[in-house]
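Engineer: Here you go, one structure.
Rule-based calculations on the coordinates, nothing more; no lab input. The structure presented is a predicted model; accordingly, all values stated were derived computationally and were not measured. For neighbour counting, all protein chains shown are included, and Cβ atoms are generated from backbone atoms with ideal geometry for every residue, glycine included.
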């Protein structure tokens, strides 16, 4: 199954909730005689309720509704909605520019989002693309995290740099970067300890990791990917705002997209935080992490009933 199929299938729960309602709104708006007139209040209200129920969020919903209402009347409603959502995603920054190698990617987030498994899946995805990643086990406080990471690394056939339990995470990152340079590995994927933004000691630790990485590779960490659980919806936005301010997050991995009826949260992330969604988790297998495609996401979410 191609990338489009993977993302489309992952949105099946969201589509079950909104697709019939959306099709009805579209049919009503685009029926003969209505399409030539401005969108009526009833249609606007139905569309607003639908977007909010999909977890698109109030600010992004308000923008979409305003644009749809102002668009030329001859355009179909479905295409107007899809076009405006594409424009929301177009307003976010692209991937970081990498001038020095290896690329160092910190993977951060709270416990329970699927962070450690995401590192393993990301390593597998990159290796399938012909790259030679190296995993750094910088969560030295939870022995189970390192063991779990090593299981995923074996599945991906990727080397792990680890240290004893309780070791300084920044020292492990130093060792991993040195190993990557010596062996020609790129990128270095750093699995950090799960943390809340309110834990000052852990945020300070993350800052130390960043300083060590920058000392070894100019500009590193070039990527700081925040892993968000799609099933928590708008609560994920709160996490993202805090991590962006304290950890320098410049990209998002949206996990468990297949497990939620509110997949519209991806729109809210792009609109409210201006952060690019780099990858999406669409299942539990080693190959169930895919590069996020705006076009495929929008088409998959708002296509006609299938």
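Engineer: If you fit an axis through the alpha-carbon atoms of helix 41-53 and take the longest principal axis of the Cα set of the chain, what angle between them do you get, 0 to 90°, nearest 10?
Structural biologist: The answer is roughly 20 degrees.
Engineer: Going 7 Å from the Cα of residue 86 in the Cα-to-Cβ direction, what parts of the range 246-275 have a backbone nitrogen less than 17 Å from that spot?
Structural biologist: 267
Engineer: If you take the beta carbon distance between residue 127 and residue 215 as r and set R0 to 22 Å, what does 1/(1 + (r/R0)^6) give as a FRET efficiency, to the nearest 0.05?
Structural biologist: Efficiency, from the Cβ-Cβ distance: 0.20.
Engineer: So for each of 94-107, 128-141 I average, over its residues, the number of other beta carbons within 10 Å; can you give me the resulting order with the highest mean first?
Structural biologist: Listed from highest to lowest mean packing, they are 128-141, 94-107.
Engineer: What nm value, rounded to one decimal, do you get for the distance between residue 42 and residue 291 when each label is placed 7 Å out toward the C-beta?
Structural biologist: Those two pseudo-labels are separated by 4.6 nm.
Engineer: Assuming R0 = 30 Å, can you tell me the calculated FRET efficiency for the pair residue 179 and residue 93, based on Cβ-Cβ distance, to the nearest 0.05?
Structural biologist: So the FRET efficiency works out to roughly 0.50.
Engineer: First measure r as the distance between the Cβ atoms of residue 284 and residue 21, then evaluate 1/(1 + (r/R0)^6) with R0 = 22 Å and state the FRET efficiency to the nearest 0.05.
Structural biologist: 0.15
Engineer: Cα axis of helix 58-70 to longest principal axis of the chain: angle in degrees, 0 to 90, nearest 10?
Structural biologist: So the helix axis and the longest Cα principal axis differ by about 40 degrees.
Engineer: If I take every Cα pair under 8 Å that is 6 or more residues apart in the range 194-306, average their sequence separation and divide by the length, what percent do I get for the relative contact order?
Structural biologist: 20 percent
Engineer: I've got another one for you. On a 0 to 90 degree scale, rounded to 10, what angle separates helix 77-90 from the longest Cα axis of the chain?
Structural biologist: Approximately 30 degrees, to the nearest ten.
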